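What follows is a single structure, written as structure tokens, with notes after it.
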Amino acid sequence: MLIDVLQHVPFEGLAAIEDWGQDRGHHFRIHHLYEEAVLPAAIDVTMLIILGGPMSANDTEHWLEAERDLIRELISKQQPIFGICLGAQQIAKAIGADIFQGEYKEVGWHPIQTFTQHFSSFLPDQMTAFHWHGEQFSLPDGAIRLFGNTACENQGFIYKDFVIGLQFHLEMTEESIIKLITHDQNNIDHGKYVQSGKTMLSAHIPTINKKVLYQLLDSLVQQQERK
């Protein structure tokens, strides 16, 4: 399958999602929006992955609204979408949710809990995921909450069985964490849920994260193949 990817900044790429694509025989068409790439036409998209970025879904740049228009059009066509961090916020805002500054910034490795029987065959009750956000989304109408924790009530959702948004990052590798620490240091402060770069890099990346990532992405591919 050819999967379109919206990449907002050079230092937030596919990371472990690229490994998944290679393992499953999928190919990626990456749209580097920071280089003023043109958004794909919905008619040409089979599945869309929207990556993170330091900008806010509440910013007023025209391209952010154009991206949400694409999301809405793909949803109307029942095309699978997977959003991470900013990508999840863009999906949530596109379908009517609010994006707001959380009480706490979350940066580094923090636990999340599962709040649904959706994907019960492979989702653990709890896992430790990588976070890099200050803003959060409200749960969109019609969506099912997948994950949450003390710092952020809504950490993930599924909408209409073919749209998944995650506030956190399951795709992280040591290399991708280093890139974030290097290029987005403003997020590293002394907040309650903010870790130092040293602490982030010294942590062992849980093997379950990659497994869950793969299975969530597989579920979206299967939705497309059933059409």
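The values are calculated or read from the model by the stated rules, or taken from the named source; none is laboratory data. Predicted, not measured: the structure shown is a model, and the values here were computed from it. Every residue, glycine among them, receives a Cβ derived from its backbone with ideal geometry; neighbour counts consider all protein chains shown.
Observations on the model:
- When residues of the range 201-214 are limited to those that are assigned to a helix (DSSP H, G or I) and in contact (Cβ under 8 Å) with a residue 60 or more places away in the chain, the one surrounded by the most Cβ atoms within 10 Å (Cβ to Cβ): 213
- Residue 217 being touching a Leu at 6+ places or on another chain (Cβ under 9 Å) and surrounded by 18 or more Cβ atoms within 10 Å (Cβ to Cβ): no
- Count of residues meeting criterion [more than 21 Å from residue 101 (Cα to Cα) and either touching a Cys at 6+ places or on another chain (Cβ under 7 Å) or in contact (Cβ under 8 Å) with a residue 24 or more places away in the chain (or both)] in the range 165-181: 9
- A single member of 158, 164, 112 is out of contact with any helix residue (DSSP H, G or I) (no Cβ under 7 Å at 6 or more places or on another chain), within 15 Å of residue 88 (Cα to Cα) and surrounded by 15 or more Cβ atoms within 10 Å (Cβ to Cβ), and it is 158.
- Consider the range 173-195 and keep the residues that are farther than 14 Å from residue 53 by Cα and surrounded by 14 or more Cβ atoms within 10 Å (Cβ to Cβ). The one that is farthest from the chain's Cα centre (by Cα) is 191.
- Qualifying positions in the range 96-128 - without any contact (Cβ under 8 Å) to a residue 40 or more places away in the chain, out of contact with any Leu (no Cβ under 6 Å at 6 or more places or on another chain) and among the polar types (S, T, N, Q): 101, 113, 117, 120, 121, 126
- Tabulated pairs, the range 129-155, first in a loop (DSSP other than H, G, I, E, B), second modelled with pLDDT of 95 or more and among the basic types (Lys, Arg), C-beta under 7 angstrom, 6+ apart or interchain: 139/145; 154/145
- When residue 198 is tested against the conditions (1) of a type outside the set (Asp, Glu); (2) under 21 Å from the mean Cα position of the chain (by Cα); (3) not in a loop (DSSP other than H, G, I, E, B), the lone failure is (2).
- Qualifying residue in the range 115-122 (condition: among the hydrophobic types (A, V, I, L, M, F, W, C) and modelled with pLDDT under 95): yes
- Scanning the range 82-98 for residues that are under 14 Å from the mean Cα position of the chain (by Cα) and either of a type in the set (Gly, Ala, Ser) or more than 14 Å from residue 154 (Cβ to Cβ) (or both) returns 82, 83, 84, 86, 87, 88, 90, 92.
- The range 27-45, subset out of contact with any strand residue (DSSP E or B) (no Cβ under 6 Å at 6 or more places or on another chain) and under 20 Å from residue 217 (Cα atoms), residue surrounded by the fewest Cβ atoms within 10 Å (Cβ to Cβ): 44
- Put simply, of 52, 21 the only residue that is surrounded by 13 or more Cβ atoms within 10 Å (Cβ to Cβ) and under 15 Å from residue 165 (Cβ atoms) is 52.
- Scan of the range 31-73 for residues that are touching a Lys or Arg at 6+ places or on another chain (Cβ under 7 Å) and either outside any loop (DSSP other than H, G, I, E, B) or free of Cβ contacts under 8 Å to residues at least 60 places away in the same chain (or both), ordered by number: 42, 68
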